[in-house]
Amino acid sequence: MISIRRATRIGTLIFALGSLGWHAEAAELTPANIRLDFIIGGKHAPWYVALEKGFYAKRGINATIQASTGSADTVRTVGSGGADFGFADIGTMMVAKSRGAPVQAAAQFGYVGATILWRDEGLIKGIKDLEGKSLAISPGQAQWYLMPAYCRINKIDYKAIKIQETAAPIQPAALATKKADFIIMFRASNDEVAEMAAAKVGVKLSRVFMKDTGLDIYGTSLIVKDDDVKKRPEFVRAYVEATLEGLRYSRDHQEESLKILLKAKPELDPVLTTLQLKNALTEVFLPLESVNVGLGFMKPEIMEKTVKVTNEYFDVGRKVTAKEVFTNQFIKR
């Protein structure tokens, strides 16, 4: 039997050690730079929700969120060690992988969200009419890789399209003011920007989704480093699970998630941001496999198709295999 006094001292010591351990653990969060796919918009709410709600912190990550100029920039930055994690177009990631970038996908955020937009004035009536027309586009964007593949799939002469290298932020204005005949945007991102820019000058737009016209492959995904998957799987798991928890929370609490994003980024237009987030959650980020199997789950047969399309139609350095470009090991079923 131990005395009450001794038991009290032991209890106090255990409590003190426990408190020290908790504070040490709280102080020892692993820094993680997360690079998104573009300038910040409504669709990026899940990351800010995960940050604000402590979903990253409770898994040991001190997250910093960065904007980007496009998916190619994001994949390059993650691959070279300039960021720990990314969010980028999966086809762009595979092209980079084929040229030596040590990266892979750890969760999908829906099918290709790219849309082709043109002015509804009769110059272009369908996708075959894109031949001979001018396209405002930038080499840093995912669509730089998507469009040649899309044209080959749909037997459109890509070389007949007049490429006008235009910085991403001014492409919507280029279309609205007739400086370009068509542009390629992404739903839940700059697609809505283009629509609003056109509406301001009284221009109506027509839209075609690439996923509905031949390019039904995965679009954006959580990008991670090969080395981290092998050597620091818990670090990767923390990013994937926390981000997907942010996505789930955003789906279930859309209004609150919007407030969290606007608090972090007050410069954003509330009307545009609301529309982007709504479209991301209802049209892009949550395909059936995410609902039925698990958030972010990549169907092997769709990944095989995505790899096949990338190898066949994209400008790859070598042919990649599905096995090396994705993993479902961090997805909760």
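The values are calculated or read from the model by the stated rules, or taken from the named source; none is laboratory data. Keep in mind that this is a model prediction, so the values were computed, not measured. For neighbour counting, all protein chains shown are included, and Cβ atoms are generated from backbone atoms with ideal geometry for every residue, glycine included. Heavy atoms of the whole protein, side chains included, go into the accessibility calculation; ligands, DNA and RNA do not. Shrake-Rupley method; radii C 1.70, N 1.55, O 1.52, S 1.80 Å.
Calculated on C-alpha atoms, the gyration radius of segment 137-204 divided by its Kirkwood radius gives an Rg/Rh of 0.97. DSSP beta bridges confined to the chain are antiparallel in about 55 percent of cases. Can you work out the base-10 log of I(q)/I(0) for segment 202-267 at q = 0.15, 0.17, 0.22, 0.26 1/Å, using the Debye formula on its C-alpha atoms alone? Cα-only, vacuum Debye calculation for segment 202-267: -0.85, -0.95, -0.97, -1.00. When you count the other C-beta atoms within 10 angstrom of each residue and take the mean per peptide, 293-299, 104-110 line up highest first as 104-110, 293-299. Take the cross-link list Lys43/Lys125; Lys225/Lys323; Lys58/Lys278; Lys125/Lys178; Lys53/Lys265; Lys128/Lys155 and give me the ones stretching past 20 Å between alpha-carbons. Checking Cα-Cα distances, Lys43/Lys125; Lys58/Lys278 exceed 20 Å.
Once backbone amide H atoms are built at 1.01 Å from N, Gln66 has Ile34, Arg35, Leu36 as its partners under 5 Å, excluding neighbours fewer than 5 places away on the same chain. According to the calculation over all Cα-Cα pairs in segment 183-223, the P(r) per 5 Å bin from zero is 6, 18, 25, 22, 14, 8, 5, 1 %. When all alpha carbon pairs of segment 78-195 are counted in 10 Å bins from zero, the resulting P(r) reads 12, 41, 32, 13, 1 %. Take segment 201-333 with all the other protein chains still there, run a 1.4 Å probe, and you get 49 Å² of accessible area per residue. Estimated from helices alone, the mean residue ellipticity of the chain at 222 nm is -13500 deg cm²/dmol (sum of -39500 (n - 2.57) over DSSP H runs with n ≥ 4, per residue). Across the chain, the convex hull enclosing all Cα atoms gives 151 Å³ per residue. Distances between every pair of Cα atoms in segment 124-255, grouped in 10 Å steps from 0 to the bin holding the largest one, split as 10, 32, 29, 19, 9, 0 percent. Based on alpha-carbon atoms, the Kirkwood radius and the radius of gyration of segment 26-78 give Rg/Rh equal to 1.01. Restricting the trypsin sites (Lys or Arg not before Pro) of segment 175-209 to loop positions (DSSP other than H, G, I, E, B) with no more than 12 neighbouring Cβ atoms within 10 Å leaves Lys204.
Are there chymotrypsin sites (Phe, Trp or Tyr not before Pro) in segment 171-242 that DSSP marks as loop and that have at most 12 other Cβ atoms within 10 Å, and which are they?
For chymotrypsin sites (Phe, Trp or Tyr not before Pro) across segment 171-242 that sit outside H, G, I, E and B with at most 12 neighbouring Cβ atoms in 10 Å, the list is empty.
What is the distance in Å between the Cα centres of segment 221-278 and segment 110-184? Segment 221-278 and segment 110-184 have Cα centres spaced 29 Å from each other.
Along the axis of the charge dipole computed for segment 119-192 (Cβ charges of +1 for Lys and Arg, -1 for Asp and Glu, origin at the Cα centre), the listed residues Phe186, Ala142, Asn154 are led at the positive end by Asn154. Taking the accessible area of segment 86-213, probe 1.4 Å, and keeping the other protein chains in place, the carbon and sulfur fraction comes to 54%.
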